[in-house]
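The structure appears right after this line, and notes come after that.
The values are calculated or read from the model by the stated rules, or taken from the named source; none is laboratory data. Treat the numbers as computed from the prediction; the structure is a model and nothing was measured. Here the Cβ positions follow ideal geometry from the backbone for every residue, glycine too, while neighbour counts run over all protein chains shown. For the accessible areas, the whole protein counts, side chains as well, though only heavy atoms, and no ligand, DNA or RNA atoms are used. Shrake-Rupley method; radii C 1.70, N 1.55, O 1.52, S 1.80 Å.
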Amino acid sequence: MSLLLDTPAPTPQDLTGRTVVVLHAHPDDEAIFTGATIRRLADHGARVVLVTATAGELGTPRIRLDGRQVGDVRRAELERSAELLGVSRLVLLGRRDSGLAGWESGQHPAALVRADLPAIANTVAALVEAEQAEAVVGYDADGIYGHPDHVAVHLLARHAAGLAGVTSYDATVDREHLHFAGAHVLDDAAKPVGRPTYGRVTAEISVALAATPYELSVKRAALLAHASQIGPEALDDRFQETYELEWYLRRGPAAVLDELGNAHAVA
Ligand SMILES: [Zn+2]
């Protein structure tokens, strides 16, 4: 298991003029995996460009949609979440949720997994350059838990960062930490994917960020902004220990996320 060392948090400097492009697969992923990180970046003056690949069209709604399309509802939820987190610019790549491996939805011509990923990576790299971003955030090579769209986002982020010549950070979760924490939304999400586990082990992680109480409250609000997917019952009384940490693997020189970290996960 992991624990927080009480090393003093480096006081993040003024990050005005610094920019990060954060890539996600579906609306709600930005809050689940990177919510506190985005809020902290924004609070210290950094510009966060959130790029979401799909509208999560295949998410099972937990509320009545009254005739609205899932994708439309989720786009609106994403806008609200992005606002809460302090995102400066939200870019939608306009691909469609692919669903899980073997689903017919993966054959849809707009499905992210059917996209020309090198072409999209070029588009993202052009965005990184236009924004003069110093880093791209994506997912670990397994897409954290194996969802095909998340694996695609890993490839996109890694490739775009390479083209633009900037550091990439792969968002992940510390499976050792979560083993001892409360219920995580990944527990249910990972089951149908058929993987025995998710995330990475503590020793693989380059950067761990621990949310302040304020950042955690914003992250909770951003999660709940995705009301069609996440209800308060999913965020139980162990919310803090389950969601306060966010974890990254870095490829390339240390960049802005390394300046935010205030937790060191140790085995
Ligand atoms: Zn997702």
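I'd like the full set of residues that are in a helix (DSSP H, G or I) and either charged (D, E, K, R) or open to solvent by less than 40 Å² (accessible area, probe 1.4 Å) (or both), limited to segment 93-116.
Residues satisfying the conditions are Glu104, Ser105, Gly106, Leu112, Arg114.
Just one of (1) surrounded by fewer than 19 Cβ atoms within 10 Å (Cβ to Cβ); (2) in contact (Cβ under 8 Å) with a residue 40 or more places away in the chain; (3) away from the ligand (no atom under 16 Å from the Cβ) trips up Arg195, so point out which.
(3)
Output the residue which, of all residues in segment 39-72 that are in contact (Cβ under 8 Å) with a residue 60 or more places away in the chain, under 15 Å from the mean Cα position of the chain (by Cα) and surrounded by 23 or more Cβ atoms within 10 Å (Cβ to Cβ), is nearest to Ala222 (Cα to Cα).
My answer is Arg39.
Does Asp237 count as of a type outside the set (Val, Ile, Thr), open to solvent by 40 Å² or more (accessible area, probe 1.4 Å) and touching a strand residue (DSSP E or B) at 6+ places or on another chain (Cβ under 9 Å)?
Values: of a type outside the set (Val, Ile, Thr): yes; open to solvent by 40 Å² or more (accessible area, probe 1.4 Å): yes; touching a strand residue (DSSP E or B) at 6+ places or on another chain (Cβ under 9 Å): no.
Criteria not met by Asp237.
Would segment 206-226 turn up any residue that is surrounded by fewer than 16 Cβ atoms within 10 Å (Cβ to Cβ) and over 17 Å from Arg40 (Cβ atoms)?
no
Condition test on Tyr169, is it of a type in the set (Phe, Trp, Tyr), under 19 Å from Tyr198 (Cα atoms) and within 13 Å of the ligand (Cβ to nearest atom)?
no
Would you check if Thr16 is over 16 Å from the mean Cα position of the chain (by Cα), in a loop (DSSP other than H, G, I, E, B) and within 16 Å of the ligand (Cβ to nearest atom)?
no
Quick one: would you say Val151 is β-branched (Val, Ile, Thr), open to solvent by less than 50 Å² (accessible area, probe 1.4 Å) and out of contact with any strand residue (DSSP E or B) (no Cβ under 6 Å at 6 or more places or on another chain)?
Considered against the rule, which asks whether it is β-branched (Val, Ile, Thr), open to solvent by less than 50 Å² (accessible area, probe 1.4 Å) and out of contact with any strand residue (DSSP E or B) (no Cβ under 6 Å at 6 or more places or on another chain), Val151 comes out as yes.
Can you tell me which residue among Ala135, Ala130 is within 21 Å of Ala53 (Cα to Cα), more than 13 Å from the ligand (Cβ to nearest atom) and without any contact (Cβ under 8 Å) to a residue 12 or more places away in the chain? Break it down into steps so the answer makes sense when it comes.
Values: Ala135 fails: without any contact (Cβ under 8 Å) to a residue 12 or more places away in the chain.
After applying the criteria, what remains is Ala130.
Listed here are the residues, each with its yes/no results for (1) on the phi > 0 side of the Ramachandran plot; (2) in contact with an Asp or Glu (Cβ under 8 Å, 6 or more places away or on another chain); (3) not hydrophobic (A, V, I, L, M, F, W, C).
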site	(1), (2), (3)
Ile63	no, no, no
Ser81	no, yes, yes
Leu85	no, yes, no
Val91	no, no, no
Leu100	no, no, no
